[in-house]
Structure formats: C-alpha cells, structure tokens
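Colleague: One structure, as structure tokens, below. Some questions next.
The values are calculated or read from the model by the stated rules, or taken from the named source; none is laboratory data. Everything numeric in this text was worked out from a predicted model, so none of it was measured. For neighbour counting, all protein chains shown are included, and Cβ atoms are generated from backbone atoms with ideal geometry for every residue, glycine included. Surface areas here come from the heavy atoms of the whole protein model, side chains and all, with no ligands, DNA or RNA. Shrake-Rupley method; radii C 1.70, N 1.55, O 1.52, S 1.80 Å.
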Amino acid sequence: MPRVRFLNPHGLKSTGPPRVEVKRGESILEAAEECHARVGHACGGNLACSTCHVWVHEGIDSLPEVHDKENDIMDKAFDVRPESRLACQAKIGDQDLVIEITQESLQAWLDENPDERKREAAEAQARRAAAAAAAANG
C-alpha cells in the first residue's frame, strides 16, 4: 500500500511528518484526515473551493491528471505551483507521496476549527507571558 507523508501537518508547530498508509484510489484529503494533518476543506471536499490546496513534492506523476474543473478551482488558490493539487481531487496511485500543506490550507483548517484556533492562541499568549516574566526576572 502506498504511504503519504505530510511535511507540515500542523503548520509551523509541526514536530515531525506523520506517515499514513492508504488504499489506492483514496484522496490526499482522506489521507490527511486519517492522520490528523491540517488540510482545510471548507466545501467538504466537493470541489467548490481551493482550501485543500497542497504541494506534492514526491510522487506527483502517480496521480491522475488535473481535470478542467480542478484547474478552474485552482485559479482561486494562492501560490499555485506546478506541483499544486487540490487534496480532495488527487487520488493516490501506486507510489508514495510527500505532501506540503499550503499556508492557505492550514489557515482554512484553523478557520474551520475555531476551538483549536482559540486553544492555540491561548497557548501562544501563555508562552509570551512566561517569556516576558523570565526576561523581567532574569
């Protein structure tokens, strides 16, 4: 079974790339959900937005060709590159994939998960306060 590795599953705070074994024919989005990688999908994976935009660094040749509708939706995405795909549309073939989640998609995931966004903001604020206290005492 092919494996998918996400380089930045939680954005800048990622501690390591998770790998997940997937069945041939599953989408990159399904693989992301299986290993809790933060790929946004505001439309629910129905090819109506570009929030699942990812970059495929390895294995792109094993994916089906981009069809016209995916190209049309990709026009809405930011920082589109030759290795860009919409995770909801890219069905995994026989090769392993290495995926980088775009900042646009990571932000969309946080927007779709406001409780997680608030928790992370509170943690960041606590870290800043602790660093300021340490600097004042040190």
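Colleague: Contour minus end-to-end for V80 and R119, with contour as 0.36 nm per residue of separation and end-to-end as the Cα-Cα distance?
Modeller: Numbers: separation 39, 0.36 × 39 = 14.04 nm, distance 3.03 nm.
My answer for the length gained is 11.0 nm.
Colleague: Next question. Given the options V39, G93, P18, identify the residue whose Cα lies farthest towards the positive end of the charge dipole of the chain (+1 on Cβ of Lys, Arg; -1 on Cβ of Asp, Glu).
Modeller: So the residue we want is P18.
Colleague: Using a cut-off of 12 Å between beta-carbons, work out the net charge of the residues near R5 (Lys and Arg +1, Asp and Glu -1, R5 not included).
Modeller: Details: positive: R3, R19; negative: E21, E58, D96, E100.
So the surrounding residues net to -2.
Colleague: Before rounding to the nearest 500, sum -39500 (n - 2.57) across all DSSP H runs of length at least 4 in the chain and divide by the residue total; then give [θ] at 222 nm in deg cm²/dmol. Intermediate values should be presented prior to the final figure.
Modeller: Working: 4 runs with 48 residues, N = 138.
Mean residue ellipticity, 222 nm, calculated: -11000 deg cm²/dmol.
Colleague: Excluding same-chain pairs closer than 8 in sequence, count the lysine pairs in the chain whose Cα atoms lie under 30 Å apart.
Modeller: 10
Colleague: Using 1/(1 + (r/R0)^6) with R0 = 22 angstrom and r between the beta carbons of L47 and R24, what's the FRET efficiency to the nearest 0.05?
Modeller: On the way: r = 21 Å, r/R0 = 0.93.
That gives a FRET efficiency of 0.60.
Colleague: Which value, in debye to the nearest 20, gives the size of the charge dipole of the chain about its Cα centre, when Lys and Arg are +1 and Asp and Glu are -1 at the Cβ?
Modeller: Numbers: 17 positive and 24 negative charges, 126 e Å.
The calculation lands at about 600 debye.
Colleague: If you take the beta carbon distance between H67 and E100 as r and set R0 to 30 Å, what does 1/(1 + (r/R0)^6) give as a FRET efficiency, to the nearest 0.05? Present the calculation step by step, with values, prior to reporting the outcome.
Modeller: On the way: r = 22 Å, r/R0 = 0.74.
FRET efficiency, H67 to E100: 0.85.
Colleague: Taking a probe of 1.4 Å, how large is the accessible area per residue of the chain, in Å²? Please report the intermediate quantities before stating the final value.
Modeller: Working: 7820 Å² over 138 residues.
Averaged over the residues of the chain, the accessible area is 57 Å².
Colleague: Still on this model: Where does each of 120-133, 50-63 land if you order them by average Cβ count within 10 Å, highest first? The partial results should precede the final answer.
Modeller: On the way: 120-133: 10.6, 50-63: 20.2.
Packing order, densest peptide first, comes out as 50-63, 120-133.
Colleague: Let me ask another. Once all Cα-Cα distances of the chain are split into 10 Å bins that start at 0, what whole-number percent is in each one?
Modeller: 13, 41, 28, 11, 6, 2, 0
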